[in-house]
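Working notes, structure below.
The values are calculated or read from the model by the stated rules, or taken from the named source; none is laboratory data. Bear in mind the structure is a predicted one, so any value in this text is a computation, not a measurement. When we count neighbours, we look across all protein chains shown, and the Cβ atoms used for this are built from the backbone with ideal geometry, even at glycine.
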């Protein structure tokens, strides 16, 4: 089954690129590269833990974590 995609091809490519960059940063333990993907007013909800609000909270988590299987982040 093919996913239903709405929006322009440019928008779709931008989203796919963003997801790939976040995944690459997580899988390769690159906290600065991960943090660069977020705006200063970002809100990030992960499958575990409290939601993160703002670049400062996201950056703090990224700097204090290590990468485990499948790109999931775990506290070091």
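Just a few scattered comments:
- Verdict on residue 34 being assigned to a helix (DSSP H, G or I), in contact (Cβ under 8 Å) with a residue 24 or more places away in the chain, in contact with a helix residue (DSSP H, G or I) (Cβ under 8 Å, 6 or more places away or on another chain) and surrounded by 11 or more Cβ atoms within 10 Å (Cβ to Cβ): yes
- Residue within segment 13-24 that is within 11 Å of the chain's Cα centre (by Cα) and in contact (Cβ under 8 Å) with a residue 40 or more places away in the chain present: yes
- Residues that are closer than 19 Å to residue 15 by Cα and in contact with a strand residue (DSSP E or B) (Cβ under 6 Å, 6 or more places away or on another chain), drawn from segment 28-61: 43, 44
- One residue stands out in segment 40-70 among those that are modelled with pLDDT under 90 and assigned to a strand (DSSP E or B): the one that is nearest to residue 26 (Cα to Cα), namely 67.
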